[in-house]
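For reference, the structure discussed in these notes is given below.
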């Protein structure tokens, strides 16, 4: 956890631990929203500074300012004791500051080498691209990062973890001394995270300063040399790694001890509502079997958690159940009726809807108001004589907003002005307004803050007590352990095991999913303290 | 820098989230009002300039002429608006205008019934139904290819532009159809001009059709589930689909609507010029797109209104007529019209940027006034 000793670095005279980049009183406003309110922040050479904060706390805004994506409304950046203004990202990269975003910023249709040198191509004497030179540098970088990727490999053919490595290589090719990583592990498997952390340690040993943001608090704590916590646009805490642990971080982030544990909620499971029998789905592009003979029952009033790693086939299973993708073989019964071949809309009207994984891409309709988003799925029920009845629509919207406790000024508020958690409540509320018997949710708490996570599960448990069956996908073990009646583990397209969260441990469930017990995952005891907040 | 503020010391947010949202909401309604207001302002400006330059511009006779021309474009633009709200484009409507005109003309000339020597002369209402039906059929073909096969709207309708124009030439075979449109008492196919070139209450019939269709389109877009589905799928098709919106059906239908509008314009136009010609409707699609865009719609879909589109059509109509009246050469007319279209979109964008900046400045001033100087010390 501690920084490598007092090793001096070759590049420049910077010593490990020395402050290289300083943000002084940085503030930033968007419209009427104050994202940052006078934040002081330091980045040290050869050390990892982890930035903690809930969604909307200002982490991403601060990163955008440090990397030149945005200009601060007030305050000053100081690089190597020299006040600077970063005009744009190119300017920042030239000064040695690079950022790696949550979504990789690579062109999938180009190969690794071309991506690494995109916009900074090496030139031959007559002005063409020096492919030989670029290939050589790329190979060297890949060796340095201990990742065997050939320079000519198409980026589209790489796994997410490898794409992340290519992003790092691109930053290194630009001689980056300060590397900002925004949620670098959100799409990585446990083993890929290990590789990434090894690379980060190598970079810091060479004097590179790392700024790291992650929602995976335990992971982030394990890599941190310094922890900085933002809340509501203000810096509320700064501690060296020795003095922090998970409860401390959560406490600083939320200002309260965020806790939810629904294991002891009364459960009242009824008849089988959704019955999936030997469902098999082949990817229509490649023909590869992604869901392999899956059978699951979901009872009325039951909350089933589908736990597994990325690529286990969970999203494909959910989208097939919702009717977006065709199934190859098997049977899906909803209240005893075979719903194979029905469209998404027909399934919704029979009581089966999906809250999708990617909220921005598949969940909210950005140009519609909160109210219109809420009523979209159940629109048919407010139609009188072919026209939308305004009275009955607004009544339903009001009730819907109350039911899912959306924090918005009113139904006419633009959906994009809401926080991630509130947007998710709207997406869930939209389907609840169709009176479903079974609700499918794919990663329902992705990218939303700790407080809202608890509220969303509280909502689901409340609906379950009224008889709703819930099947949700998660990659967060804490969530699976504390917010479900039953855990079903999926691995490589198959259901491998089932657990009762009251009688099993985190380690057992993770082992069944094929996740190695990596040092980045915490001990089971933390379940009790702050379930599902990792 | 090594501060560890206890939560209790954190000052409460000066502004409640509800208040922030409310003011943001106000600025959004304001911006949409400004957007339509801008097109209206342009319209008033154009009328003011040409009224000063020419005494005849606001002459009732000229106003009727303008309204008639505007109506043709506005009817097409209403169909185009639906397509553009979905993020699509329909380049074929101009050709469809020509095609329906040629179909109607041929029906007036009489149908050679196969296997007999007889020639059938359909009644006018049959001709009207068939012609508009042909327009709808072209749209149906577009919609089927675009929604089912997921072909790009630009390519499909570009192809249909050629197909429609070619079929028009085939049907007319180099000859305009003029006298036959009048019909003959003995054949029982008279009455076309009496309806399609009529002027109830002094306004050309095309203007009345425009008004009726605009009201219909407004109801469809604002009050019907179809309209909501159209806005939703135009903004985010994947999210709309997962909400149970029949996105494929919506997409297929809007092209039928656009084709039907083109069919109606085809009939109105051959009545207007008393002739079905091969070049009828050429470039109409571009005027229709321009009207929709000037009216504040986004080509990316999900944003646009009937009112804005009608205003957009009037901007183009009043401008074109004004340029003719003050004697600007036809060559320069095109240059000016094109510049106005680009200007409309550019002003729209600049206005949006300015609004965002203005809001940011106001907020920044607010922050500065509330942030004590202490936070600036390192």
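Taking R0 as 25 Å, what's the FRET efficiency between residue B:357 and residue B:41 from their Cβ-Cβ distance, rounded to 0.05? Could you put the intermediate results ahead of the total?
Numbers: r = 21 Å, r/R0 = 0.85.
Rounded to the nearest 0.05, the efficiency is 0.75.
For an R0 of 51 angstrom, estimate the FRET efficiency from the Cβ-Cβ distance between residue A:494 and residue A:81 and round to the nearest 0.05.
The pair residue A:494/residue A:81 has a calculated efficiency of 0.30.
Across the protein assembly as shown, how large is the tail of the calculated P(r) beyond 46 Å, expressed as a percent of all Cα pairs?
Working: 163218 of 415416 pairs.
The calculated P(r) of the protein assembly as shown puts 39 percent of pairs beyond 46 Å.
Can you pull the one-decimal nm distance between simple spin-label points at residue A:385 and residue A:122, each 7 Å off the Cα toward Cβ?
7.6 nm
Quick check: convex hull over the Cα atoms of region B:57-185, volume per residue in Å³, rounded to an integer? Write down the numbers at each step before the final one.
Details: hull volume 20.8 nm³, N = 129.
It comes to 161 Å³ per residue, whole-number rounded.
Using only Cα atoms, tell me the angle between helix A:160-173 and the longest principal axis of chain A; keep it within 0 to 90° and round to the nearest 10.
20 degrees
What 222 nm value per residue comes from the helices of chain A, counting each DSSP H run with n ≥ 4 as -39,500 (n - 2.57) and dividing by all residues, nearest 500 deg cm²/dmol? Kindly include the intermediate steps, with their values, before the conclusion.
Values: 17 runs with 161 residues, N = 534.
Helix contribution divided over all residues of chain A: -8500 deg cm²/dmol.
Measuring from label point to label point, each 7 Å out along Cα→Cβ, what is the residue A:265 to residue A:340 span in nm?
3.3 nm
Separation of region B:303-336 and region A:320-397 by C-alpha centroid, Å?
What the calculation gives is 43 Å, centre to centre.
May I ask for the Kirkwood hydrodynamic radius of region B:113-172, worked out over all distinct Cα pairs and given in angstroms to one decimal? Let's see the in-between values first.
Values: mean 1/r = 0.0732 Å⁻¹.
Hydrodynamic radius (Kirkwood, Cα pairs) of region B:113-172 is 13.7 Å.
For region A:437-461 and region B:40-64, what is the separation of their C-alpha centers, rounded to whole Å?
59 Å
Would you calculate the volume per residue, in Å³, of the smallest convex hull containing every Cα atom of region A:378-509? Write down the numbers at each step before the final one.
Working: hull volume 18.2 nm³, N = 132.
It is 138 Å³ per residue.
For region B:261-304, compute Rg over Rh where Rg is the Cα radius of gyration and Rh is the Kirkwood radius from the inverse mean 1/r over Cα pairs.
On the way: Rg = 13.4 Å, Rh = 12.0 Å.
Here Rg/Rh amounts to 1.12.
Could you grab the Rg to Rh ratio for region A:330-440? Cα atoms only, Kirkwood for Rh. Each step should come with its number before you reach the end.
On the way: Rg = 14.4 Å, Rh = 14.5 Å.
With Rg and the Kirkwood Rh in hand, the quotient comes to 0.99.
Rounded to whole Å and ordered largest first, report the semi-axes of the equivalent ellipsoid of region B:36-349 derived from its Cα gyration tensor (root of 5λ).
Numbers: eigenvalues 190, 150, 55 Å².
Its equivalent ellipsoid spans semi-axes of 31, 27, 17 Å.
Roughly how compact is chain A, stated as its Cα Rg over 2.2 N^0.38 Å to two decimals?
On the way: Rg = 24.5 Å, N = 534, 2.2 N^0.38 = 23.9 Å.
Against the empirical 2.2 N^0.38 Å value, I get 1.03 for chain A.
Kindly express, to the nearest 10 degrees and within the range 0 to 90, the angle between helix A:420-432's C-alpha long axis and the longest C-alpha principal axis of chain A.
Tilt of helix A:420-432: around 20 degrees.
Kirkwood Rh over alpha-carbon pairs of region A:107-174, then Stokes-Einstein at 20 °C and 1.002 mPa s: what D in µm² s⁻¹, rounded to an integer? Each step should come with its number before you reach the end.
Values: Rh = 11.8 Å.
Once the numbers are plugged in, D ends up at 181 µm²/s.
How far is the Cα center of region B:163-227 from the Cα center of region A:118-170, in Å?
Region B:163-227 and region A:118-170 have Cα centres separated by 63 Å.
Could you give me the radius of gyration and the Dmax of region A:170-319, taking only the C-alpha atoms into account and expressing both in angstrom?
Considering region A:170-319 through its Cα atoms, Rg and Dmax are 21.3, 62 Å.
Taking beta carbons within 10 Å but only from partner chains, what does the mean come to for residues A:382-393?
Values: counts 1, 4, 0, 0, 5, 7, 7, 1, 2, 0, 0, 1.
Taking all residues of A:382-393 together, the mean is 2.
Taking neighbour counts of Cβ atoms within 10 Å as a proxy for exposure, in what order, fewest first, do A:279, A:51, A:342 appear?
On the way: A:279 22, A:51 27, A:342 17.
Arranged by neighbour count, lowest to highest, A:279, A:51, A:342 become A:342, A:279, A:51.
Remind me, relative contact order of chain A in percent, using alpha carbon pairs under 8 angstrom and six or more residues apart? The partial results should precede the final answer.
Working: 1112 pairs, mean separation 81.7, N = 534.
Normalised by residue count, the contact order of chain A is 15 percent.
Taken together, the values in this text are just the output of simple stated rules run on the coordinates, not laboratory data. Being a predicted model, the structure only gives us computed values, none of them experimental. For neighbour counting, all protein chains shown are included, and Cβ atoms are generated from backbone atoms with ideal geometry for every residue, glycine included.
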